[in-house]
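Trainee: Take a look at this one; I'll ask things after.
The values are calculated or read from the model by the stated rules, or taken from the named source; none is laboratory data. None of the values given here were measured: they were computed from a predicted structure. We place every Cβ from the backbone using ideal geometry, glycine too, and count neighbours over all the protein chains shown. Only protein heavy atoms, including side chains, enter the accessible area calculation; ligands, DNA and RNA are left aside. Shrake-Rupley method; radii C 1.70, N 1.55, O 1.52, S 1.80 Å.
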Amino acid sequence: MKKTAIVTGASRGIGRACAMELAKHFDCIVINSSTHREALQQTKADIEGSGTECLAYTGDIGDYNFTASMIEDVRNKCPAIDLLVNNAGISYVGLLTDMTIQDWNRLVNTNLTSVFNCCRQVVPHMVSQKSGHIINISSMWGLSGASCEVAYSATKGGVNAFTKALAKELAPSSIRVNALACGAIATQMNNCFTEEELTQFCEEIPTCRLGQPEEIAQMVWLLYNSPSYLTGEIIKIDGGYL
C-alpha cells in the first residue's frame, strides 16, 4: 500500500520544502495550493523527477466542498493517508483598526478553517486504519502574539489549541497530532518588510538570522519519526526568539 503524505500550501516556501523533503521517504506526495498554479506544477514536476508519485490540486482548502472532493480523489488513488501537513497560511500586517471584516474572514478561512476542513476529511480514514500523524504548521506568534499581526496571531493561537484538543481526541486511535510553532522564516510571507526591518529583527533573534524553509521541512520529518508517545505538543523552532 502506498505510503502517502499530504502537504497544503505547497507551491512555495515551507510547503514546497516539506513536499520535497517528504518525497525522499514517501511513495506518494499530495500537494495543494489555492493560487500559484504554475509554481505548484513545478513542485509536482520536481517531486516526480525524484522518482516519487505526486498528485497536485489547485483550489481553496478553506472551501469545505473543494477539500472534501480533493481528499475523496486522493483516497481513490492512494488508499492510506499516513501524514497530513497543514501548512497553508497567509499573513496580514497592519493595525487592527485598519483591518476590514473581509481581511479578517480571509485570514481565518485560510489559516484556521482550512485546518478543520482537512482534518475533518482525513481523520475518519486515519481512525479506520488506526494510524496516522497530523502536523500543523503554526507560529510563535500563536504563543505570544505580535503587534500589528492580531488576526494572524489569533488564527495561529487557534491552530495551537486545535492541535492540543484533537491530539487528546485521537490518541486512543493511535493517531498523533502536533504543531510546529515557527519563528521568522525566509519565505515570501516576509516580503512586506524592508531589508532594513528584517536586519533589525534578525538582531533580536539569538541565532542572528532567519530560519530556512528546509529547516522546517527537516523538523517535520523528524517529528513524523519521533516516539509515538509524543502527541499534543506545540514545538517551537524560532532560533531561540521566545
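Trainee: Do we have any residue at all in the stretch 143-151 that's open to solvent by 20 Å² or more (accessible area, probe 1.4 Å), polar (S, T, N, Q) and farther than 28 Å from residue 239 by Cβ?
Mentor: no
Trainee: If the Cβ limit is 7 Å and pairs must be 6+ apart or interchain, which residue in the stretch 225-238 that is small (Gly, Ala, Ser) pairs with which residue that is open to solvent by 50 Å² or more (accessible area, probe 1.4 Å)?
Mentor: Sorted first by the residue in the stretch 225-238, then by its partner, the pairs are 232/164; 232/168.
Trainee: If a residue must be among the aliphatic types (A, V, I, L, M) and free of Cβ contacts under 8 Å to residues at least 24 places away in the same chain, how many such residues does the stretch 161-171 contain?
Mentor: Residues that pass the stated criteria total 2.
Trainee: I've got another one for you. Out of everything in the stretch 210-242 that is open to solvent by 20 Å² or more (accessible area, probe 1.4 Å) and of a type in the set (Asp, Glu), what residue ends up being farthest from residue 191 (Cα to Cα)?
Mentor: Restricting to residues being open to solvent by 20 Å² or more (accessible area, probe 1.4 Å) and of a type in the set (Asp, Glu), the top hit is 233.
Trainee: Would you confirm whether any residue within the stretch 191-201 is out of contact with any Leu (no Cβ under 8 Å at 6 or more places or on another chain), assigned to a helix (DSSP H, G or I) and open to solvent by less than 40 Å² (accessible area, probe 1.4 Å)?
Mentor: no
Trainee: If residue 174 passes every condition in (1) in contact (Cβ under 8 Å) with a residue 24 or more places away in the chain; (2) open to solvent by 90 Å² or more (accessible area, probe 1.4 Å); (3) polar (S, T, N, Q) but one, which one does it miss?
Mentor: (2)
Trainee: Quick one: which strands (runs of 3 or more DSSP E) lie wholly within the stretch 1-92 and hold at least 3 residues that are farther than 30 Å from residue 148 by Cα and either in contact with a strand residue (DSSP E or B) (Cβ under 6 Å, 6 or more places away or on another chain) or open to solvent by less than 50 Å² (accessible area, probe 1.4 Å) (or both)?
Mentor: The qualifying strands (runs of 3 or more DSSP E) are 4-7, 28-33, 53-58.
Trainee: Select from the stretch 93-116 the residues that are more than 20 Å from the chain's Cα centre (by Cα) and assigned to a helix (DSSP H, G or I) and write down the one among them that is surrounded by the most Cβ atoms within 10 Å (Cβ to Cβ).
Mentor: In this case the residue turns out to be 103.
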